[in-house]
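Asker: Encoded as structure tokens, here's the structure I'll be asking about.
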Amino acid sequence: MRSRRPSGASACERQPLWARPDELEENNNKDFNNKRHLGLFSTALLLTNRMIGAAIFSVPSSIFLSVGSVGAALSLWVVGIFLTFCGFYIYLELGCLMPRTGGEKVYFDTAYPRPYRLASTLYAFYVLFGFPGLASIVVADNTLLAFNIAASEAGQRLAAVGIMALVAACLSISREWSVRIVNSLSLLKLATFLLILATAFAILVGVLPRNADTGANFRQPFAGSSTTVYDYTVSLFKVLESFLGWNSAGMVLGEVKNPRRTLKAAGLLGVSSVGILYLLINVSYFIVATPDDISRAGVQLVARLLGNVFGSAASRVTAAMVALSTFGSMISTAFAVTRVIRELAVEGIVPAASILSKTSKSGNPATATSVFMFGPSVVAVLLLPFGDAYAFLLDVNQYFLVMIYGAVVVALFIIRQHVPSAEYPFRVWTWVPYLFLACQVFLLLSPLASPSGAGDTNLPFWLAPSVSFLVIGLGVMYWRLKSFVAPVGDEPFWNRQDNPQSYGSVAAS
């Protein structure tokens, strides 16, 4: 990757022509530290905490069932790490150019100003129907296992809803304490991973007894691999879902100190560390247990596997650690997404904008924003059948996310056509966005055809893409009903004649 700094910017960086001084604080702004409160450590842990969520503790079993072999499953995780880095560098270019809160919303508003508000409206529907509270199922399931409670299905549903309510309550306290909770739970996640890695290492060196010949998993690692492209596509969806959150720093850049420098360092640290840990953890899964054990474990994967080694007591302790870890991911997700919803509300895009655009005395978005965010997840948890519902909604969310990623890459190309290269604090190699876009097109089209007519769940294979397109259709209908009217004189930034050459400064990258 190459970093560019415009001439004469040694002390400060010229801002993109469309950035206003009130959107990017100057170094001498007396309120700078009050608004920009996230440093390198907190930003890196925010990324790590959101990426290490429910998926890594639940989807490895379904991935193995889909692709049929240890080697194929591990290869997909390597591909997932590579694609995540590609996506991160694309977002790094855009984030350094526009270091403001909002993430994709900021990029869409810049690249797709016409039709007015359409891109932001569709993105709002993705945020609303991304089911950020779905991980509460994993939290509730592992919490019940930790306390050895055999709850009914109705009890599990109520427990999951209660978890979402608890997350909303955590975000209602002070902004500083919200960050401290996120940081503390991030460290707990790392401790959980270290326990799994230490267990696998102890088995390898003979300190712990083997319950089975788990070394057989690696003697013929690709034996039994699926020959169906569809199986690899839906599995790659799940791998990428496990890395979901690598772009979360861009959603809160307005609260990050020295945003450009911090985004680069925190992003590289967070993505690389999580990528390495994920690969090692998946190798450890196949050392600790046989493929049959993994395929039967479901969302209680880690607890069940360590329970096989250390006994039921260890299973319960590990379940508690997984529950807290996933709970931390939910808080990180809510911390970032509620801020995006607030930005959407400020522009009147979402319903009840006058309420959702408010900021509480704690510095966090109003509690109503959390309620709005978790609403669809509560409906899904209460009404959809358990079992395949979790995997199906992951597929829907990931399919929609593929379209978002593709639109971001196209936005990057559009912005590059209108912004001089000297204006970029950072530019990614051109082949990276082309490769990333090609992968998104493949992921978009390949699930539309299944040779066997079956998907990765008992539901029809075409249902997940259909639901994604249905949400887009609902978004277009909502946009038409809202009838957004562009302000008089509002033009794309490249058409404006009164732009000064530069504005203020933020902390140098």
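Asker: Distance in nm between label sites at Ser272 and Leu187, each 7 Å beyond Cα in the beta-carbon direction?
Answerer: The two pseudo-label positions are separated by 2.3 nm.
Asker: Ok, one more. Work through the residues other than Thr262 whose Cβ is under 11 Å from its Cβ and net out their charges, Lys, Arg +1 and Asp, Glu -1.
Answerer: Working: positive: Arg36, Lys257, Arg260, Arg261, Lys264; negative: Glu255.
Once positives and negatives cancel, what remains is +4.
Asker: Shifting gears a bit: May I ask for the distance between the Cα centers of the stretch 353-430 and the stretch 232-294, given as a whole number of Å?
Answerer: Computed from Cα coordinates, the inter-centre distance equals 17 Å.
Asker: Please compute the modelled spin-label separation between Leu445 and Asp292, points set 7 Å along Cα→Cβ, answer in nm with one decimal.
Answerer: In this crude spin-label approximation the distance works out to 4.2 nm.
Asker: Using the beta-carbon distance between Ala486 and Phe222 and R0 = 56 Å, what value does 1/(1 + (r/R0)^6) give for FRET efficiency, to the nearest 0.05? Please list the in-between numbers first.
Answerer: Numbers: r = 56 Å, r/R0 = 0.99.
It comes to 0.50.
Asker: Keeping every protein chain present and rolling a 1.4 Å probe, give me the accessible area per residue for the stretch 35-481 in Å².
Answerer: 36
Asker: Relative contact order of the stretch 35-481: what whole-number percent is it, with Cα pairs under 8 angstrom and at least 6 residues apart? Spell out each step's value before the answer.
Answerer: Numbers: 676 pairs, mean separation 151.5, N = 447.
Answer for the stretch 35-481 is 34 percent.
Asker: Another one. Ignoring ligands, DNA and RNA, what percent of the accessible area of the stretch 35-481 is carbon or sulfur (1.4 Å)? Intermediate values should be presented prior to the final figure.
Answerer: Details: 11070 of 16070 Å².
That share works out to 69 percent.
Asker: Could you give the length gained by full extension between Lys361 and Leu280, i.e. 0.36 nm per residue of separation minus their alpha carbon distance, to one decimal place? Don't skip to the answer; put the middle values down first.
Answerer: On the way: separation 81, 0.36 × 81 = 29.16 nm, distance 4.26 nm.
Taking Lys361 through Leu280 to full extension adds about 24.9 nm, to one decimal.
Asker: Mind running the shape call on the stretch 346-389? Use the C-alpha gyration tensor, a ≥ b ≥ c as the square roots of the eigenvalues: rounded below 1.5 for a/c, prolate if a/b tops b/c, oblate otherwise.
Answerer: The shape class here is prolate.
Asker: For Leu38, list long-range residues whose amide hydrogen, built 1.01 Å from N in the peptide plane, is under 5 Å from its own amide hydrogen.
Answerer: Under 5 Å from the amide H of Leu38: Val256, Lys257.
The values are calculated or read from the model by the stated rules, or taken from the named source; none is laboratory data. From a predicted model like this one, the values you see are computed outputs, not experimental measurements. Please note: Cβ atoms are built from the backbone with ideal geometry, for glycine as well, and neighbour counts cover all protein chains shown. When the accessible area is computed, the model is the full protein with side chains, heavy atoms only, and any ligands, DNA or RNA have been set aside. Shrake-Rupley method; radii C 1.70, N 1.55, O 1.52, S 1.80 Å.
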